[in-house]
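This report refers to the structure that appears directly beneath it.
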Amino acid sequence: MNLDFFSAFVIGLLGSGHCVVMCGGISTMLTTAISDTSRHKKYAIIFAYNFGRIASYSVIGALVALTSSMAAKNIGFPVAILKTIAGIFLILLGLHLGQWLMWLSRVEHLGKNIWRHISPHTKKFIPIKNIRSAFALGALWGWLPCGLVYSTLTWALASADVFNGALIMFFFGLGTLPALLSVSLGTISIKSLLSHALFRKLAALLIISYGIYTILIAFK
């Protein structure tokens, strides 16, 4: 599982150019809202927001892993099939990031019903006033429908273990940190690298390769 945690981190890192598109707006808004605070408090609020987001990923990972664990134990559902599904979603993710096949966009629609009920609550914490409200906003924003998140969730699902499912999503979330911190802190060089077409396509090919590898070893 240590390899899975590291790989989840790398997938979060390689796919985080997608995060700049999906969540860059809220990160920019967050920075603008706290521009008049001290540097120390500004950094604390930015990190609180992001770790709130990562906390939500971890909770969702634990929930889907609990579901697969119960299915594996109670009805004997083969974990190898779950790993195959995870591999397929990684391939779809790579194709999506490379902008070669955009089927994953359809998967994002699955979470819109949940997001419709959650999104109104985000208004309670805007504008950001303190670290606690920043964490709460991040925790809510972590439920935003996202193909990158959903693809990694299938990996948590395939783990069929609550603790490992949570950790997979935690390390994935850590991988997305550099991209979103670069937006919030104005580090243009990192943002430019992650958004660069060549980097995006190389990242896509690496993720596709790992998806194929996941399928190949699923039944071993």
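Worth a mention:
- Test: residue in region 110-127 that is at pLDDT 90 or above, among the aliphatic types (A, V, I, L, M) and out of contact with any Pro (no Cβ under 9 Å at 6 or more places or on another chain): yes
- Condition check for Ser189: modelled with pLDDT under 85 and within 17 Å of the chain's Cα centre (by Cα): no
- Extreme residue, modelled with the highest pLDDT, among residues of region 192-220 that are assigned to a helix (DSSP H, G or I) and basic (Lys, Arg): Lys201
Residues checked against (1) part of a helix (DSSP H, G or I); (2) within 19 Å of Leu63 (Cβ to Cβ); (3) over 17 Å from the mean Cα position of the chain (by Cα):
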position: Leu93; (1), (2), (3): yes, no, no
position: His96; (1), (2), (3): yes, no, no
position: Leu101; (1), (2), (3): no, no, yes
position: Asn113; (1), (2), (3): yes, yes, yes
position: Pro120; (1), (2), (3): yes, no, yes
position: Arg132; (1), (2), (3): yes, no, yes
position: Leu140; (1), (2), (3): yes, yes, no
position: Leu144; (1), (2), (3): no, yes, no
position: Leu148; (1), (2), (3): yes, yes, no
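The values are calculated or read from the model by the stated rules, or taken from the named source; none is laboratory data. Note that the structure is predicted; figures quoted are calculated from it, not measured. Here Cβ is always computed from backbone atoms with ideal geometry, including for glycine, and neighbour counts include all displayed protein chains.
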